[in-house]
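Below: one structure, written as structure tokens.
The values are calculated or read from the model by the stated rules, or taken from the named source; none is laboratory data. Since we're looking at a predicted model, the values are computed, not measured. Backbone-built Cβ (ideal geometry, glycine too); neighbour counts: all protein chains shown. In case anyone asks, the SASA skips ligands and DNA or RNA and just uses the protein heavy atoms, side chains included. Shrake-Rupley method; radii C 1.70, N 1.55, O 1.52, S 1.80 Å.
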Amino acid sequence: MSEKLIRVLVAKPGLDGHDRGAKVIARALRDAGMEVIYSGLRQTPEQIVAAAVQEDVDVVAMSLLSGAHNHLFPKVAKLLAEEGADDVLVMGGGVIPDSDIPFLKENGIAEVFTPGTPTGEVVNYIKNNVR
Amino acid sequence: MYDKEKLKEIALAKEEWEKGQVAKTLAKFKERKEEFATTSGIPVERLYTPVENQDFDYVRDLGMPGQYPYTRGVQPTMYRGRFWTMRQYAGFATAEDSNKRYRYLLDQGQTGLSVAFDLPTQIGYDSDAEIAQGEIGKVGVAIDSLQDMEVLFDQIPLDKVSTSMTINAPASVLLAMYIAVAEKQGVTVDKLQGTIQNDILKEYAARGTYIYPPGPSMRLITNIFEFCSKNVPNWNTISISGYHIREAGSTAAQEVAFTLADGIAYVDAAIKAGLDVDGFAGRLSFFFNSHNDLLEEVAKFRAARRMWAKIMRERFGAKNPRSWMLRFHTQTGGSTLTAQQPENNIVRVAIQTLAAVLGGTQSLHTNSKDEALALPSEESVRIALRTQQIVAYESGVCDTVDPLAGSYYVESLTNEIEKKAMEYIEKIDTMGGATKAIEQGYIQKEIADSSYAYQKEVEANERIVVGMNKFQVEEKPIEGLLRVDPSVGEAQVKKLKALKESRDNLAVKTKLSTLREAAKTDANLMPFILDAIRVYASEGEVCDVLREIFGEYRPVEIL
């Protein structure tokens, strides 16, 4: 694999305001040598996809604690595919019950990280799976 | 307060002890760490004695409970009179579902209500808004109009129960709905008791449910102060919140500092709007977090009380003792809960409950063990409430006022928290106050720095979280989590559509345009909002009118 910098969009879809996790992940990815763009709060799936395409990112990492993940995460994956950006690695994290994870994986979310995940695990996952 | 000769004697004894016995022990057994510190980074000594507290002055620093500077509590008899209000934050799905949960909690011995609204309601969107899809009824109850509010409080007499509502940007709209429900129940507004959160500054800094820019938001807040001081005298018009600042990752000292800095900004704004400080200050209330570092938390609550008393009396010249009192609600720390071995959370919550009670809280919400995974189930909510009841009825800590006062360590920590928090407040003052500090991203950056530092400590195993980075076990996914049915969204949209067809739409239009005109002047908007709500204008319609005139807030994002 070439030593090209990995570009990540850390995004907060929906109306949830909990951004502690998103900001911690953003900093940890940056400290691991990646280029990180943070979307800020209250992004619609359309806005996230537009930013991902415009910034030509390799990874979209979404964080959501409001319970709207089943609605919003797959929508982002679907819109990315429609934009021809289906090589982008789409991940999710937050308060997400284990029982929802299979559904999310079937719908374009490569991996889901739940509370207590060390940031190093997320870094390694990206390094090993980015396309 | 201490006798000089006696202090010398103690200092000498301590020195001898350190050089002798302690040194001998250390030579054989090292301590667990080179340096000990609280979560706020306050160094913790091996031993506290009167020497570390030599400037202690009982009357100046503590006083009597119910007296300035209120370090020991705001009431003279505290929990010997009555326990704190046990108030579980609840709400999900539809008004019907939440009404059922409230009546269950009241039946279980809960003594006050605390309403959680879903995110669209908190951000002023009706359930049929595109941006609301997927969020309806998820983190709280969906309320679109007075009609939903009538269902929410069905068979709950509003003159008997006190109700806290976690609502900020659209606080005036939900307060108007509550007043309108009371009117329908035949309860006069002067009988209403409760709290609206109404604290926009921490929304910009830490929680995220803002709508309008700071200027008009502060106006809406001072409008409520003024309206309630004349019409709803027993209503707490704001709950100045450190809870979410702490959840976002601040330390205990930062929690106190940024909360009181926000408090100062609200008092400044109200005085600038022409209100008399003693006319509104007695209805200001506060909301803090309670974490696991038990004694630092107790010190935090005591320091906050003493600081606010000084700020109100010395800085703002308030004369009424009620204006000096920091009355607060506490919630145990959501971010301290682990998804791993969720039963362990019951123990954490018990420690945090004890901290809040030993810190003199006026009301308390205890988190449920499953909240790192989902909204709490009925069973786990019951355990959380029982935790409070056990501390109240069985622990004995409620039988005397402020039992930890005079502890050399606790008094020393109380001073240290005050010192650290005061340094922040002075810094924020030089920046032009909390609003400016938030607009520049200063407070957000301080919080994010602390949160990241904490995370790094956990990952380096310098800070142990039991069950998460030590003492792990293999676990099966837990069952019985509460799930909100996605059909709630559709049902809510249908209900709203039916309402819009059946209500007097001409009256709605008229009231909304009167509100629009009033928003352009400097009139108090509360009566206009109330008029629109009474004719069943929806929350989204009212907020949209104000969006038109006030615009929307766009934050600066600082990593």
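Pairwise alpha-carbon distances in the protein assembly as shown exceed 39 Å for 33% of all pairs. Would you work out which of B:200, B:123, B:277 lies farthest towards the positive end of the dipole of the range B:81-439, given +1 charges on the beta-carbon of Lys and Arg and -1 on that of Asp and Glu, about the Cα centre? So the residue we want is B:277. With a 10 Å cut-off around each Cβ of A:109-121, the average count of Cβ atoms from other chains is 3. Which of rounded, prolate or oblate describes the range A:7-129 when judged by the alpha-carbon gyration tensor and an a/c cut-off of 1.5? Taking the square roots of the gyration eigenvalues as a ≥ b ≥ c, the range A:7-129 is rounded. Residues of the range B:449-489 whose accessible area, computed with a 1.4 Å probe over protein heavy atoms, drops by at least 50 Å² once all protein chains are present relative to their chain alone are B:452, B:459, B:483.
Projected over every direction and averaged, the convex hull enclosing the alpha-carbon atoms of the range B:231-285 yields 4.2 nm².
The residues of the range A:61-86 listed by number as losing at least 50 Å² of accessible area in the complex, against the isolated chain and with a 1.4 Å probe, are A:66. Summarising the strand pairing of chain B, around 5 percent of its internal DSSP beta bridges are antiparallel. Taking the average, over residues, of other Cβ atoms within 10 Å as the packing measure, peptides B:265-275, B:166-176 rank B:166-176, B:265-275 from highest down.
The phi torsions of the range A:90-102, fed into the Karplus equation with coefficients 6.51, -1.76 and 1.60 and a -60° offset, translate into couplings of 10, 10, x, x, x, 7, 10, x, 3, 5, 8, 5, x Hz, rounded to whole numbers, with Gly and Pro shown as x.
Here the Karplus relation 6.51 cos²θ - 1.76 cosθ + 1.60, evaluated at θ = phi - 60°, turns the backbone of the range B:275-287 into coupling constants of 7, 7, 4, 6, x, 10, 5, x, 9, 6, 9, 10, 9 Hz, with x for every Gly and Pro.
Output ³J(HN,Hα) for the range A:22-28: one whole-Hz value per residue in order, computed from phi by the Karplus curve 6.51 cos²θ - 1.76 cosθ + 1.60 with θ = phi - 60°, and x for Gly and Pro. Rounded to whole hertz, the list is 4, 5, 5, 4, 4, 5, 5. For the listed peptides B:329-339, A:63-73, a ranking on the average number of other beta carbons within 10 Å per residue, highest first, reads A:63-73, B:329-339. The H on the amide N of residue B:333, modeled in the peptide plane, is under 5 Å from the matching H of B:290, each at least 5 residues off or on a different chain.
Which one of A:59, A:36, A:24 has the biggest mean-square fluctuation once chain A is modelled by GNM with Cα springs under 10 Å? Highest fluctuation of the listed residues: A:24.
For B:462, B:479, B:517, give the ranking by accessible area with the largest first, probe 1.4 Å.
Order by accessible area, largest first: B:479, B:462, B:517.
Across the accessible surface of the protein assembly as shown, with the other protein chains kept in place and a 1.4 Å probe, carbon and sulfur atoms take up 52 percent.
For the range B:116-141, heavy-atom accessible area (probe 1.4 Å) falls by no less than 50 Å² from the chain alone to the full protein assembly at B:131, B:135. Computed from Cα positions, the angle between helix B:4-17 and the longest principal axis of chain B comes to roughly 80 degrees. Under a model in which nothing but the beta-carbon of Lys, Arg (+1) and Asp, Glu (-1) is charged, chain A shows a dipole of about 340 debye around its Cα centre. Working note: Debye formula, equal point scatterers on the alpha-carbon atoms of chain B, no solvent; log10 I(q)/I(0) at q = 0.09, 0.11, 0.12 Å⁻¹ is -0.69, -1.02, -1.22. When Rg and the Kirkwood Rh are both derived from Cα coordinates, the Rg/Rh ratio for the range B:1-100 amounts to 1.23. Considering only Cα atoms, the convex hull volume of the range B:293-360 works out to 80 Å³ per residue.
Using heavy atoms of the protein chains and a probe of 1.4 Å, the accessible area assigned to residue B:308 is about 0 Å².
The distance linking the range B:466-529 with the range B:114-163 is 5 Å (Cα centroid to Cα centroid, whole angstrom). Straight-line cross-link partners of residue B:14 among the lysines, defined as a Cα under 24 Å from its Cα and at least 8 positions apart when in the same chain: B:4, B:6, B:24, B:28, B:30, B:33. Proximity of backbone amide H atoms, modeled 1.01 Å from N, is registered between residue B:141 and B:92, B:116, B:117, B:118 at under 5 Å, excluding neighbours fewer than 5 places apart on the same chain. With the charge dipole of chain B set up from +1 on Lys and Arg Cβ and -1 on Asp and Glu Cβ about the Cα centre, the Cα lying farthest toward the positive end among the listed residues B:181, B:17, B:110 is that of B:17.
Take each residue of peptide A:7-20, count the partner chain Cβ atoms within 10 Å of its Cβ, and average: the result is 5. One quarter of the surface of the convex hull around the alpha-carbon atoms of the range B:4-53 equals 4.1 nm², the direction-averaged projected area. Only protein heavy atoms count here, probed at 1.4 Å, and on that basis chains B and A bury about 3100 Å² of accessible area in total.
Give the accessible surface of the protein assembly as shown per residue, rounded to a whole number of Å², with probe radius 1.4 Å and ligands, DNA and RNA excluded.
41
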